[in-house]
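Here the structure is laid out as structure tokens; the discussion comes afterwards.
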């Protein structure tokens, strides 16, 4: 769809490393699966912390490093483009983790390691589609937005809709991927990797790109919403 001359690429959709075709898609799939399978016994009634927090943090650390290959590797080169993709990925992940930590601290009186890890993943998922078009400033904004939006998305999915998405796949990966697809229109650089990352995708063309990212382009097939 988005690589190798795929349909979305041909209509101008920007999705450098798969925020739409990987994260948003899998997030929606996870949401459907969670609704279909239903709630675990005791959901929202008894605490259900991870079995081993140490293993969670080890896995999160490996994931953080591994994501450099996911995003920087999408440059298909060992050059400045890949280096910038790695940098903005790292910045967004760190800011996403700090933002999530801060929200927990304000709302609950303390931060949690699980929350910090989740915020980190939110930052990674959200920067993924934009990692080829933003600079450090854009990565800061995306990471902050990821931590903020994805945190409240998890509260809505579990607290309001009562959906037992045990690993927050939809509110973190799904919502994060969609958020990145939208935000890159406003913080993406017209010069790609080497620009400031805060000028809008084409010097005033942010809304034009946003329309491409969200609309069906007249063909009945949209980037985020597949309407046949």
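The values are calculated or read from the model by the stated rules, or taken from the named source; none is laboratory data. Computed from a predicted structure; not experimentally measured. Methodologically, a virtual Cβ is constructed for each residue, glycine included, from the backbone with ideal geometry; neighbour enumeration extends over all protein chains shown.
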query = If you check residue 81 against the conditions, is it modelled with pLDDT under 95 and either in a helix (DSSP H, G or I) or out of contact with any helix residue (DSSP H, G or I) (no Cβ under 9 Å at 6 or more places or on another chain) (or both)?
reply = yes
What do you reckon, is residue 57 within 25 Å of residue 143 (Cα to Cα), under 21 Å from the mean Cα position of the chain (by Cα) and surrounded by fewer than 18 Cβ atoms within 10 Å (Cβ to Cβ)? yes
Per the filter on the stretch 18-35, residues more than 29 Å from residue 76 (Cα to Cα) and either surrounded by fewer than 18 Cβ atoms within 10 Å (Cβ to Cβ) or over 19 Å from the mean Cα position of the chain (by Cα) (or both) are 32, 33, 34, 35
If we keep only residues of the stretch 1-31 that are closer than 17 Å to residue 132 by Cα, touching a helix residue (DSSP H, G or I) at 6+ places or on another chain (Cβ under 9 Å) and outside any loop (DSSP other than H, G, I, E, B), then the residue modelled with the lowest pLDDT is 8
When you look at residue 74, is it within 26 Å of residue 129 (Cβ to Cβ), part of a helix (DSSP H, G or I), without any contact (Cβ under 8 Å) to a residue 24 or more places away in the chain and touching a helix residue (DSSP H, G or I) at 6+ places or on another chain (Cβ under 9 Å), yes or no? no
Only unsatisfied item for residue 81, checking (1) surrounded by 11 or more Cβ atoms within 10 Å (Cβ to Cβ); (2) within 17 Å of the chain's Cα centre (by Cα); (3) closer than 26 Å to residue 21 by Cα, is (2)
Item to complete: Could you tell me whether any residue of the stretch 36-53 is assigned to a helix (DSSP H, G or I), modelled with pLDDT under 95 and surrounded by fewer than 22 Cβ atoms within 10 Å (Cβ to Cβ)?
Response: yes
Filter the stretch 116-156 for residues that are free of Cβ contacts under 8 Å to residues at least 24 places away in the same chain and touching a helix residue (DSSP H, G or I) at 6+ places or on another chain (Cβ under 6 Å); the one that is nearest to residue 27 (Cα to Cα) is 153
